[in-house]
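**Q** Can you keep this structure in mind? I'll have questions shortly.
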Amino acid sequence: QVQLVESGGGLVQAGDSLRLSCAVSGRTTRGLVMGWFRQAPGKEREFAAVITWSGGSTAYADSVKGRFTISRDDAKNTVTLQMNSLKPEDTAVYYCAASSRGGLLGVFTRRNSYDYWGQGTQVTVSS
């Protein structure tokens, strides 16, 4: 069974940095498109970042572009989201997602393009 487990969330102050990790078990991450989504209380889950299965291309939501960086290490079956210059608006539960499907990078900004999801990790940014 494929499982995704997020870690690294916590409470930080505005302007701080935080690094989230996603560990994949049940299969190698090689060949998987990997994404990060986030969901604030009372709001729908929204796209944050994605990286192609080759690691050659990335895409980000406008709200995080320039501050967040997604990366992958297929030898360790791990995907990372480096978050810098955090804002209170970044407060949310962050979810890791994976897809074995093919497609253009823009396809993977949509929730229904993913096959597997983690349980999420809480990120809280205080002002």
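**Q** Output the residues belonging to region 91-122 that are over 24 Å from Gly55 (Cβ atoms) and open to solvent by less than 40 Å² (accessible area, probe 1.4 Å).
**A** Kept after step one, since they are over 24 Å from Gly55 (Cβ atoms), are these residues of region 91-122: 91-93, 119, 122.
If the condition is that a residue be over 24 Å from Gly55 (Cβ atoms) and open to solvent by less than 40 Å² (accessible area, probe 1.4 Å), then Thr91, Ala92, Val93 are the ones that fit.
**Q** Okay, moving on. I'm told Glu89 meets every condition in (1) modelled with pLDDT of 95 or more; (2) in contact with a Lys or Arg (Cβ under 7 Å, 6 or more places away or on another chain) except one. Can you identify the failing condition by its number?
**A** All conditions pass for Glu89, except number (2).
**Q** OK, next. Among what's in region 1-60 and is farther than 18 Å from Leu86 by Cβ, of a type in the set (A, V, I, L, M) and in a loop (DSSP other than H, G, I, E, B), pick the residue that is nearest to the chain's Cα centre (by Cα).
**A** Here the answer is Leu32.
**Q** Counting only residues that are of a type in the set (A, V, I, L, M) and more than 13 Å from the chain's Cα centre (by Cα), which one in region 66-87 is nearest to Asp16 (Cα to Cα)?
**A** Leu86
The values are calculated or read from the model by the stated rules, or taken from the named source; none is laboratory data. Since the model is a prediction, treat every value here as computed from it, not as a measurement. Every residue, glycine as well, gets a Cβ built from its backbone with ideal geometry; the counts of neighbours run over all protein chains shown. Please note that ligands, DNA and RNA were not included when accessible areas were found on the heavy atoms of the full protein model with its side chains. Shrake-Rupley method; radii C 1.70, N 1.55, O 1.52, S 1.80 Å.
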